[in-house]
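> The following block contains the structure, expressed as structure tokens.
Just so you know, all these numbers are worked out from the coordinates, no wet-lab data involved. The structure displayed is predicted, hence computed values, not measured ones. When we count neighbours, we look across all protein chains shown, and the Cβ atoms used for this are built from the backbone with ideal geometry, even at glycine.
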Amino acid sequence: MISNLVFKNTVLFSVLLMLSCGSLVKSKEEGRKKKEIITENTTIEIQTGADNSSVYLPLLKDKKVGIVTNQTGILYNKTHVVDFLLEQKINLQKIFAPEHGFRGTADAGEHVVDGKDTKTGLPIISLYGDNKKPKPEQLAGLDVLVFDLQDVGARFYTYISSLHYVMEACAENKIQLIVLDSPNPNGGIVDGPILEKEFTSFVGMHPITLLHGMTIGEYAQMINGEKWLKNSVQCNLTVIPCLNYKREMAYSLPVKPSPNLPNDQAINLYASLCLFEGTNVSVGRGTEKQFQIYGSPFLPKSNFSFTPIPNFGAKEPMHKGLVCHGEDLSTITKVKQLELKWLIKAYQTTADKSKFFNSFFTKLAGTKKLQEQIETGTSEAEIRKSWEKGINEFKEMRKKYLIY
């Protein structure tokens with residue numbers, strides 16, 4: 001059980017949330033633990049939105065419910081939220097699954113088909129490939145949709161794109177959406193270029209910085225508040241907040257958010273290294289150090305090399321069977337910004353610069369300017385300076401939607 005002092009602080013925190021954001025609700029639970037963060041003098045128990053069941057279960061009672069979730073939808077005791085809702089006699093009708101599928105086993109970009117969950121017998125509807133947005137017939141009969149996906153704080157991580165389409169479908173079909181919030185493992189890092197409208201895609205849907213520094217619940221409020229949904233519709237949104245959480249707290253995810261983000265280091269380096277996905281450089285797919293290493297057959301020979309082979313999460317990895325030279329970043333100190341130094345170094349030392357970038361890079365960067373800057377030898381400091389105005393404007397807008 002949490003102490004009386006922590007309980008009082010929790011209640012005060014919840015009241016402040018209610019005053020600052022009408023879509024938030026406070027928790028009355030005291031005993032559940034999600035993650036313990038040790039500070040100088042005390043242990044603070046973080047509760048995710050999924051753990052605050054006394055808040056959202058009454059909202060689901062006697063309703064026909066759908067849920068958008070995957071392997072990250074778990075409670076403090078490792079029970080999956082789907083199993084928990086069924087145990088609580090909630091009338092759960094169907095599961096909607098994002099990229100990588102309900103159990104999180106599909107490769108990035110792999111087509112995920114509809115099916116049935118073997119454990120519960122519930123139908124699973126894929127929200128990836130040709131069906132990114134729930135269709136009216138797929139939502140027919142539902143009163144409320146629950147959203148429980150673990151984001152990692154990067155614009156091109158597609159769970160927030162799925163969130164956009166789910167919100168839009170709920171708004172159009174007059175279905176309430178309940179988002180179970182969870183901490184951002186990259187905390188409050190806000191960095192990178194703003195997405196330009198002409199480069200909107202499923203890996204970048206909104207005019208935000210590459211690292212947005214928000215939880216997925218806060219991000220949902222921003223989508224709604226900025227009227228980014230089609231025809232400026234707004235969703236009937238309720239965010240169930242985390243408790244005892246502050247943005248600066250370290251947070252280690254209890255399960256992989258996707259097949260190629262196996263640990264805290266990969267999650268921390270993801271935004272910086274993912275830009276390589278728009279080049280001829282591998283980020284370690286097909287190894288055991290995905291998003292913790294980089295290299296290619298076109299970079300100079302070095303003391304570090306790896307050879308990608310098909311494995312879990314990468315059936316056809318880039319440069320399969322070829323020796324790739326590069327760097328091992330698996331033990332470096334965690335980064336606190338979007339790092340460009342590895343990308344710039346790789347471009348400067350690659351065998352043929354004309355073959356380094358591909359068309360996907362602009363979608364990931366959200367602008368043509370970054371590639372142009374790297375190709376013309378613009379320094380990292382100058383590149384960062386070109387982001388300042390956009391970052392400051394985004395931070396100002398972002399303030400309206402922050403919960404923690």
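> Using only the Cα atoms, work out Rg/Rh for the chain, with Rh taken as the Kirkwood radius, to two decimals. Please list the in-between numbers first.
On the way: Rg = 21.3 Å, Rh = 22.0 Å.
Rg/Rh: 0.97.
> Another one. Students often forget the sequence filter, so: which lysines lie under 25 Å Cα-Cα from K227 once same-chain residues fewer than 8 apart are removed?
Filter leaves K132, K133, K135, K174, K197, K363, K389, K395, K399, K400.
> Can you give the Kirkwood hydrodynamic radius of segment 354-404 from its Cα pairs, in Å with one decimal?
Numbers: mean 1/r = 0.0775 Å⁻¹.
Kirkwood hydrodynamic radius for segment 354-404: 12.9 Å.
> Let me ask something else about it. Length gain on complete extension for the stretch T120 to A140, per 0.36 nm per residue less the alpha carbon to alpha carbon distance? Don't jump to the answer; show the numbers that get you there.
On the way: separation 20, 0.36 × 20 = 7.20 nm, distance 2.06 nm.
That pair, T120 and A140, stretches by 5.1 nm at full extension.
> While we're on this one: When the chain is treated as a GNM, springs tying every alpha-carbon pair under 10 Å, which of P136, P262, P98 comes out with the largest mean-square fluctuation?
Looking only at P136, P262, P98, the biggest GNM fluctuation is shown by P136.
> Within 10 Å, count the other beta carbons around each residue, average over each peptide in 149-155, 336-342, and list them highest first. The partial results should precede the final answer.
Values: 149-155: 25.4, 336-342: 15.4.
Highest to lowest by the protection proxy: 149-155, 336-342.
> Using only helices, what value at 222 nm comes out for the chain when you add -39,500 (n - 2.57) per DSSP H run of length 4 or more and divide by the total residues, to the nearest 500 deg cm²/dmol? Before the final figure, lay out the partial values.
Working: 11 runs with 112 residues, N = 404.
Rounded to the nearest 500, the figure is -8000 deg cm²/dmol.
> I would also like to ask the following. Only Cα pairs under 8 Å and at least 6 apart count here; give the relative contact order of segment 112-183 as a rounded whole percent.
On the way: 68 pairs, mean separation 22.6, N = 72.
RCO, segment 112-183: 31 percent.
> Ok, one more. Over the chain, what is the relative contact order in percent, taking alpha-carbon pairs closer than 8 angstrom and at least six residues apart? Provide the component values of the computation, followed by the final result.
Values: 813 pairs, mean separation 61.0, N = 404.
Averaging sequence separation for qualifying contacts and normalising by length gives 15 percent for the chain.
> Over the alpha-carbon set of segment 249-404, divide Rg by the Kirkwood Rh and report the Rg/Rh ratio to two decimals.
Details: Rg = 16.5 Å, Rh = 16.8 Å.
Expressed as Rg/Rh, it is 0.98.
> Ok, one more. Give the residue from V179, A220, G204 lying farthest towards the positive end of the charge dipole for segment 126-221; charges sit on Cβ (+1 for Lys and Arg, -1 for Asp and Glu) and the dipole is referred to the Cα centre.
The residue sitting farthest along the positive end of the dipole is G204.
> Write down the Å³ per residue value for the convex hull defined by the alpha carbon atoms of segment 194-297. Show your work: numbers first, answer last.
Working: hull volume 14.3 nm³, N = 104.
Convex hull of Cα atoms, per residue: 138 Å³.
> Taking just the C-alpha trace of segment 168-215, give me its Rg and Dmax in Å.
13.8, 35
> Could you work out the equivalent-ellipsoid semi-axes for segment 179-250, taking the square root of 5 times each eigenvalue of the Cα gyration tensor, largest first, in whole Å?
Values: eigenvalues 100, 65, 11 Å².
After diagonalising the Cα gyration tensor, the semi-axes are 22, 18, 8 Å.
> Once the Cα atoms of helix 380-398 and of the chain are each reduced to a long axis, what angle between those two axes, in degrees from 0 to 90 to the nearest 10, is obtained?
Result, in degrees: 10.
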